[in-house]
1. Mind checking the full-extension length gain between K292 and E170? Use 0.36 nm per residue of separation minus the Cα-Cα distance, one decimal, nm.
2. Report, by chain and number, residues whose modeled amide H sits under 5 Å from the one on V177, excluding near sequence neighbours (fewer than 5 apart, same chain).
3. Around A226, which amide H atoms from residues at least 5 apart in sequence, or from another chain, sit under 5 Å from its own amide H, with H modelled in the peptide plane?
4. Under the definition of Cα pairs under 8 Å and six or more residues apart, what whole-number percent is the relative contact order of region 186-300?
5. How high is the FRET efficiency between S158 and R127 when r is their beta carbon distance and R₀ equals 35 Å, given to the nearest 0.05?
6. Between region 172-247 and region 145-165, how many Å separate their Cα centres?
7. Going from the alpha-carbon gyration tensor of region 213-300, what semi-axes, largest first and in whole Å, does one get by taking the root of 5 times each eigenvalue?
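What follows is calculated from the coordinates using simple rules that are stated; it is not laboratory data. Quick caveat: nothing in here was measured; it's all calculated off a predicted structure. Heads up, the Cβs are rebuilt from the backbone with ideal geometry, glycines too, and the neighbour counts pull from every protein chain shown.
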Amino acid sequence: MFRQLYTSLSRPSNLSCPIFSIPKSRNPTCPNFHFSKHHKKSDLKFLSQPTHQRFFASYSKMADTQKPKSPIPLLDKASKAELLRAFESSLGSAFATTPICPQPNPLIVVISGPSGVGKDALIGKLREARKNLHFVVTATSRPMRPGEIDGKDYYFVSKDEFLSMVERNELLEYALVYGDYKGIPKKQIREYMANGYDIVMRVDIQGAQTLRKILGKSAVFIFLVAESELKLVERLIDRKTESADALLVRIATAREEVKHVKNFDYVVVNAEGMLDDAVKLVESIIEAEKAKVQQRNPVI
Ligand SMILES: Nc1ncnc2c1ncn2[C@@H]1O[C@H](COP(=O)(O)OP(=O)(O)OP(=O)(O)O)[C@@H](O)[C@H]1O
């Protein structure tokens, strides 16, 4: 095995030096090396050595600084516990059991898109799929639709009650949408984030724009679209919740709203009959955001 390693390291044709490149003639051991003004003379001297010499030079340097304080037993002669103790003693400290990565910050996910695109349908499924998400309940002055539940789908309040909430600065943002007020109460966001929940907010495009100004890059903005304008209109007609006049306003508005996609971080297509795929994509976005090295840090 050692011979194999030695042979492969000493064979220049096996090597690539992706960060350096100079003509082959200048460096026979590393065909892609280019010496630039950023490199020091010592770099060239080091790189002009055959690769196996470089490898063993750096290995012996490491060996000097990390000389075992007590001998390391042979792998096939010692138990795992003995080996761990020997490594710890050699390195001078015990192996930590604490997680290497800190807990990711709670995430704020803003989901938006034109009327009828499927925001509620998607959030309904996401709610079933993920337990550590809190779906912000929006306060609205619009009348309840059949099947909606107060406190679950929306907080249904009168216009006067809504305006009192605005006066008390209890809303993160609010807007007048198709003649009705809609707004996001701050209190529940703070409480759930303090308990480690991720927050999902469902807002119209106007609301998303306002939230972007308030939250900046501290939240994730997802734009939901249908696969085509025609499919979106069909979905709205099939829903049968608006009059023909109200439908026309929503359709005309949707045409303009699609242009705002550039202000979002992600776009998710909710194609006909493919709601589950759209939900999965949103879940993947959340997972990816949780794995980011530079975490978003929302403060409400
Ligand atoms: N992928 C899909 N395929 C077919 N129908 C869908 C899909 N997604 C949602 N729908 C249906 O489209 C209609 C509109 O969806 P929904 O009410 O969730 O939209 P919305 O974006 O929340 O609308 P609004 O902003 O007007 O409240 C609903 O009848 C819903 O069941």
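1. On the way: separation 122, 0.36 × 122 = 43.92 nm, distance 3.12 nm.
Contour length minus Cα-Cα distance gives 40.8 nm.
2. K182
3. N270
4. 37 percent
5. Approximately 0.80, to the nearest 0.05.
6. 15 Å
7. For region 213-300, the ellipsoid semi-axes come out as 30, 17, 10 Å.
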